[in-house]
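Here's the structure, in structure tokens; my notes come after.
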Amino acid sequence: MEILKNQPLASHITMKLGGDASYMAEVTTESDLQEAIAFAKERSLNVMVLGGGSNIIFGDKGYDGLVIINEIKGVTIDEQSGVVRAGSGENWDDLVAASVAHNLAGIEALSLIPGTVGAAPVNNIGAYGQEVKDTITLVRAYDTQTNAMVELTNEECQFSYRNSVFKTLQYGRYIITSVTFQLHVADDAYSPPSYASVQTMLQNQNITEPSVKTIRDIVINIRKAKLPDPAVLANTGSFFKNPIVTKDICNNLLLSYPTMPYFEHNNNVKLAAGWLIEAAGLKGLSKDGIRVYDKQALVLVNDGTRSFQSLLNMKNLIQQTVFDKFGVMLEPEPEIIA
């Protein structure tokens, strides 16, 4: 393993922004990871781990510390039990594709989400009626406090909407090396995720008994139709979380905006951030190289700027405009390190 100095971050981030990392190392094994952490501790360096770089944005100053590029690979699939284990550096969508190829259900609606397996539990990724927390049984990680490998159960991960213990109480403590999932065989009793756009596509195609591959194909088509490919247009996917509000707030908004979409979420209500942004008149807005994507207002794309401040200005403008109109404050989904 080689540790390099003053490496550009923009080439590792799908938003194509960010200055240099003081140090950077690519790890392919748990031993590499432990060696890299030891290097950082000896020099009192901060540590940041990158997978696909699709849910993180660095500022123009870069990162004063060690950035670890996670390339820990390996996938095992037990077709009979439905147990799937994957290295944290594996591409997430490749894992979904492999699971679907083995006729296993549980993550098929999470197709085409960018990033790596290791980021899935951190952000509790979810889409089209599924959340990864419903299938994760075990997360293996390096504990930087005890300098030992540990295994966290689903309960210990403390999953919530787009959140987990890895982003909150124990931020920075654990570096995930592999994730174990419990999927199930999609037999004759397979029931697809109950999500409006998916159900509409099934009805339009007159499909009454879809397979997991059918659902994966539908989700891929939906995502491709409205979300830009980061390889073509620099972006981080959904830039804002769907806000969760009380039922009273939702009901008050519906008096003025009766067509506003909303979804029950535990004892509260989840609003559609993309709808709020579009209804605030911001869809398609372009300013200083950052644009609110024309096909999905939830996405911000980088049209060529190298300035983090341009992105920050657009973020602030959207938050303030939506708050002024609806009284709802949007929170960014990607981690922002400025």
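Observations on the structure shown:
- Neighbour-count ranking [beta-carbon atoms within 10 angstrom, fewest first] of VAL47, VAL232: VAL232, VAL47
- Taking the centroid of alpha carbons for each part, the range 161-224 and the range 1-42 are 31 Å apart.
- A Förster radius of 56 Å combined with the Cβ-Cβ distance from ASN147 to ASN206 puts the calculated FRET efficiency at roughly 0.45.
- Under the Karplus curve 6.51 cos²θ - 1.76 cosθ + 1.60, θ = phi - 60°, whole-Hz ³J(HN,Hα) for the range 306-313, x wherever Gly or Pro sits: 10, 9, 5, 4, 4, 5, 4, 4
- Most mobile listed residue (GLN203, GLN319, GLN182) in the chain, GNM with C-alpha springs under 10 Å: GLN203
- Average Cα contact separation per residue, the range 234-337, under 8 Å, 6 or more apart, as relative contact order %: 32 percent
- In Hz, Karplus ³J(HN,Hα) per residue of the range 268-277 (6.51, -1.76, 1.60; θ = phi - 60°; x = Gly, Pro): 10, 9, 9, 9, 8, 4, x, 5, 4, 5
- Listed residue pairs exceeding 25 Å between alpha carbons, taken from LYS41/LYS133; LYS241/LYS287; LYS213/LYS283: LYS41/LYS133; LYS213/LYS283
- Structural descriptor for the chain: relative contact order 16 percent, calculated from alpha carbon pairs under 8 angstrom and at least 6 residues apart.
- Arranged from fewest to most other beta-carbon atoms within 10 Å of their beta carbon, HIS12, HIS102, HIS265 become HIS265, HIS102, HIS12.
- Relative contact order for the range 75-185: 33 percent, from Cα pairs under 8 Å spaced at least 6 residues apart, divided by residue count.
- By the count of other C-beta atoms within 10 Å, a proxy for reagent exposure, THR259, THR200, THR144 are ordered fewest to most as THR259, THR200, THR144.
- Beta bridges by DSSP in the range 3-70, antiparallel share as percent, to the nearest 5: 30 percent
- J(HN,Hα) series, the range 213-219, from Karplus relation 6.51 cos²θ - 1.76 cosθ + 1.60, nearest Hz, glycine and proline x: 5, 4, 5, 4, 4, 5, 4
- Bridge orientation summary for the chain: considering DSSP beta bridges with both residues in this region, about 75 percent are antiparallel.
- Choice from GLN80, GLN34, GLN130 showing the highest fluctuation, given a GNM over the chain with Cα pairs closer than 10 Å: GLN80
- Choice from SER197, SER88, SER111 showing the highest fluctuation, given a GNM over the chain with Cα pairs closer than 10 Å: SER197
- Of interest is the spacing of the C-alpha centroids, which for the range 77-106 and the range 259-303 amounts to 31 Å.
- Eligible aspartates and glutamates near LYS5 by straight Cα distance, threshold 20 Å, same-chain separation 8 or greater: ASP20, GLU26, ASP32, GLU35, GLU42, ASP60, ASP64, GLU71
- Out-of-range pairs (alpha-carbon distance over 32 Å; input LYS167/LYS270; LYS73/LYS295; LYS73/LYS270): LYS73/LYS295; LYS73/LYS270
- The shape of the range 1-111 comes out oblate: with a ≥ b ≥ c from the C-alpha gyration tensor, a/c is at least 1.5 while a/b does not beat b/c.
- Prolate/oblate/rounded label for the chain (Cα gyration tensor, a/c 1.5): oblate
Read-outs: derived from the displayed coordinates by stated rules, not from any lab. All values derive from a computational prediction rather than experimental measurement. Glycine gets a Cβ as well: all are built from the backbone with ideal geometry, and neighbour counts include every protein chain shown.
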